[in-house]
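Laboratory data are not the source of any read-out in this text; all were calculated from the coordinates shown. Note that this is a predicted model, so its numbers are computed, not measured. Cβ sites come from the backbone with ideal geometry, for glycine too, and all protein chains shown count toward neighbours.
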Amino acid sequence: MEVKHLAIIMDGNGRWAQKRLKPRFFGHQEGAKKIQNITESCLYLGIKYLSLYAFSTENWKRPQKEIDFLIQLLNQYLTQKKQIYLDSNIRFRSIGDISIFPQKLQAKIKELENFTKHCNKLTQILALNYGSKDELRRTFLKLHKNNSIITQESITQSLDTADFPEVDMLIRTGGEQRLSNFLLWQSAYAELFFTKTLWPDFSHKELAQMLEEFSLRQRRFGGI
Ligand code: IPE
Ligand code: IPE
Ligand code: MG
């Protein structure tokens with residue numbers, strides 16, 4: 001079975017920098033560069049949906065200076081990537097509650113989504129102020145307001161990820177073996193991969209090896 005939707009928890013930027021006696025910001029910068037690299041790998045490998053955990057609803061607990069840097073980095077990323085997305089036929093989408101970000105940043109996110117809406121080789125989904133529990137809360141609220149019946153389908157179709165298939169494969173870099181509130185509903189039957197490699201060191205080679213292992217796994221979905 002092929003991987004249609006790959007989700008990645010890009011963890012380990014801070015430790016990558018600390019190992020080099022550099023400030024954590026430095027790791028985030030390298031991590032942002034790695035996004036481009038791995039997205040190109042996914043294009044090459046024929047993956048149609050790539051979800052990347054960039055900022056969680058829990059990351060607000062970090063020092064304000066680090067939060068400010070991450071927001072600035074996101075701003076810069078969205079500006080720089082415009083042409084690349086278009087040239088590579090990549091559709092950009094965001095998930096998470098972006099209403100908390102500055103108006104200008106929200107507009108930039110929407111603009112890039114609009115700008116690339118005809119692109120169809122790969123959809124890159126950036127999780128921004130995303131947390132599964134918050135997404136479910138917002139979804140249930142929406143369904144309740146619309147007097148909708150609650151079924152697995154109606155929930156799935158009202159999530160931030162309504163337009164995307166469920167996650168086939170989930171990778172977490174950085175050595176921790178947990179989901180940290182990422183795509184819990186969508187990953188119900190995902191194959192999980194954990195690697196000690198820190199995100200800025202993650203490579204096409206390691207991704208290709210994981211996909212190889214994925215192809216050997218037997219997905220039963222509860223059957224026999
Ligand atoms: C992941 O790297 C990136 C974000 C959460 C934005 P971390 O910043 O969590 O790096 P470590 O886990 O501290 O090394
Ligand atoms: C998960 O990493 C969030 C992102 C990669 C954006 P964290 O570093 O925030 O996760 P915990 O705190 O180790 O669980
Ligand atoms: Mg971390």
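Each 10 Å bin, from zero up to the one with the longest distance, holds this percent of the alpha carbon pairs of the range 110-180: 14, 39, 36, 11, 0.
Semi-axis lengths, largest first, of the ellipsoid equivalent to the range 63-166 are 26, 19, 11 Å, with √(5λ) applied to each eigenvalue of the Cα gyration tensor. For the residue pairs Lys4/Lys61; Lys33/Lys133; Lys121/Lys145; Lys33/Lys196; Lys19/Lys65; Lys82/Lys205, the C-alpha atoms sit more than 24 angstrom apart in Lys4/Lys61; Lys33/Lys133; Lys121/Lys145; Lys82/Lys205.
Between the residues Leu112, Asn89, Gln18, the greatest Cα displacement towards the positive end of the dipole of the chain, with unit charges on the Cβ of Lys, Arg, Asp and Glu, is found for Gln18. Between Thr156 and Phe140, residue separation times 0.36 nm minus the direct Cα-Cα distance comes to 4.7 nm. When restricted to Cα atoms, the range 1-95 yields an Rg and a Dmax of 14.4, 44 Å, respectively. Summarising the amide proton neighbourhood of Ile8: residues at separation of 5 or more, or on other chains, whose placed amide H is nearer than 5 Å comprise Ser51, Leu52, Tyr53, Ile171. Largest GNM mean-square fluctuation across Glu153, Glu113, Glu191, computed for the chain with C-alpha springs under 10 Å, falls on Glu153. Here the sum of -39500 (n - 2.57) over DSSP H runs of 4 or more residues, divided by the residues of the chain, equals -14000 deg cm²/dmol at 222 nm, to the nearest 500.
About the centre of its Cα atoms, the chain shows a dipole size close to 520 debye [charges on the beta carbon of Lys, Arg (+1) and Asp, Glu (-1) only; nearest 20 debye]. Share of pairwise Cα-Cα distances greater than 20 Å in the range 134-212 is 45 percent (whole percent).
For a modelled paramagnetic label at Ile100, 7 Å from Cα along Cα-to-Cβ, the residues of the range 181-218 in reach, with backbone nitrogen under 16 Å, are 181-183.
Taking a temperature of 10 °C and a viscosity of 1.306 mPa s, what whole-number D in µm²/s does Stokes-Einstein yield for the range 56-118 with Rh from Kirkwood over alpha carbon pairs? D = 126 µm²/s. Note on the chain: Rg/Rh from Cα positions, Kirkwood definition for Rh, rounded to two decimals, is 0.95.
Of all aspartates and glutamates in the structure, the ones whose alpha carbon falls short of 15 Å from that of Lys142, not counting any fewer than 8 places away in one chain, are Asp97, Asp134, Glu153, Asp160. Shape summary of the range 88-128, radius of gyration then Dmax from alpha carbon positions: 10.4, 30 Å.
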